[in-house]
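Written below as structure tokens is the structure these notes are about.
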Ligand SMILES: [Zn+2]
Ligand SMILES: [Zn+2]
């Protein structure tokens, strides 16, 4: 692979990663809080189980990247197609680390030092969980959130209450 192809692939990975935030936001807002609320409801319900019905979304969302990586490496070879698959895969990894670990603490780890950007994203998702209903939720993104969720308007104490 030459340097030009590699640079194009790199841009495709970044572009796909950013585009996938839109896909995730759209899916969360219109599908998970839409006709698949039957799965997502489990994630807006306080419970003690290890797994949620909502985890099926992680399984479903892994399929595009598995499909793309399989198709463009074994069926028709295309480094650009593989780059799209890698971008989707990276978004999935980011989502699990951000959403399931950092925000929901399914694994008890959280960066001690948080940038204002990270704190803003965490705040936004706690606000999302402030409601346990299909309708009326806000902040559906995971990578991009409006300024109003910036740390100075939101204390850590309040954040803890939102999750209880
Ligand atoms: Zn939701
Ligand atoms: Zn959540």
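The values are calculated or read from the model by the stated rules, or taken from the named source; none is laboratory data. Since the model is a prediction, treat every value here as computed from it, not as a measurement. Virtual Cβ from ideal backbone geometry, glycine too; neighbours counted across all protein chains shown.
Worth pointing out:
- Selection count where residues are more than 19 Å from residue 111 (Cα to Cα) and surrounded by 13 or more Cβ atoms within 10 Å (Cβ to Cβ), scope segment 132-143: 6
- The residues listed here are 122, 96; of these, the one that is within 13 Å of ligand 2 (Cβ to nearest atom) and surrounded by 19 or more Cβ atoms within 10 Å (Cβ to Cβ) is 122.
- Positions within segment 19-41 being surrounded by fewer than 16 Cβ atoms within 10 Å (Cβ to Cβ) and within 19 Å of residue 98 (Cβ to Cβ), in sequence order: 19, 22, 23, 26, 29
- Test: residue in segment 38-53 that is assigned to a helix (DSSP H, G or I), away from ligand 1 (no atom under 16 Å from the Cβ) and either out of contact with any strand residue (DSSP E or B) (no Cβ under 9 Å at 6 or more places or on another chain) or under 25 Å from residue 132 (Cα atoms) (or both): no
One line per residue, one yes/no per condition, for (1) closer than 30 Å to residue 9 by Cβ; (2) over 21 Å from the mean Cα position of the chain (by Cα); (3) within 16 Å of ligand 2 (Cβ to nearest atom):
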| site | (1), (2), (3) |
| --- | --- |
| 58 | yes, no, yes |
| 78 | yes, yes, no |
| 81 | yes, yes, no |
| 87 | yes, no, no |
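- Scan of segment 114-135 for residues that are more than 19 Å from residue 96 (Cα to Cα) and in a loop (DSSP other than H, G, I, E, B), ordered by number: 130, 131, 132, 133, 134, 135
- Residue that is within 15 Å of ligand 1 (Cβ to nearest atom), under 21 Å from residue 16 (Cα atoms) and modelled with pLDDT of 95 or more, where the choices are 98, 94, 89: 98
- Residue tally, condition over 26 Å from residue 69 (Cβ atoms), surrounded by 12 or more Cβ atoms within 10 Å (Cβ to Cβ) and within 16 Å of ligand 2 (Cβ to nearest atom), over segment 103-118: 4
- Test: residue 77 is over 23 Å from residue 107 (Cβ atoms) and in a helix (DSSP H, G or I): no
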